[in-house]
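Here's the structure, in structure tokens; my notes come after.
The values are calculated or read from the model by the stated rules, or taken from the named source; none is laboratory data. Bear in mind the structure is a predicted one, so any value in this text is a computation, not a measurement. To get the accessible areas, we keep the full protein, side chains included, count just its heavy atoms, and leave off ligands, DNA and RNA. Shrake-Rupley method; radii C 1.70, N 1.55, O 1.52, S 1.80 Å.
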Amino acid sequence: MLDIWTQSSGYNFGTFQERFQINLPLPVTNVPGNTNFKVISGALPPGLRIEGQFIIGTPGEVPRD
């Protein structure tokens, strides 16, 4: 297993503003060229995806409870 993630378990990416495009780098270092990242627990908000070493996209509006 590679040790490329630079944050401890439970890392919080923060709050995303709805309907505003983001390009957020993943907290990684020394990534080999053929490495793929994916969500293994939970889910990204609708409209966001992982591409390479970034979370990108435009988060959609979240309904209020």
Next item on the list: Just the number, please: carbon plus sulfur as a percent of the accessible area of the chain, 1.4 Å probe, no ligands or DNA/RNA counted.
Entry: 49 percent
Next item on the list: Counting only heavy atoms of the protein chains, get the accessible area per residue of the chain (1.4 Å probe) and round it to a whole Å² value.
Entry: 84 Å²
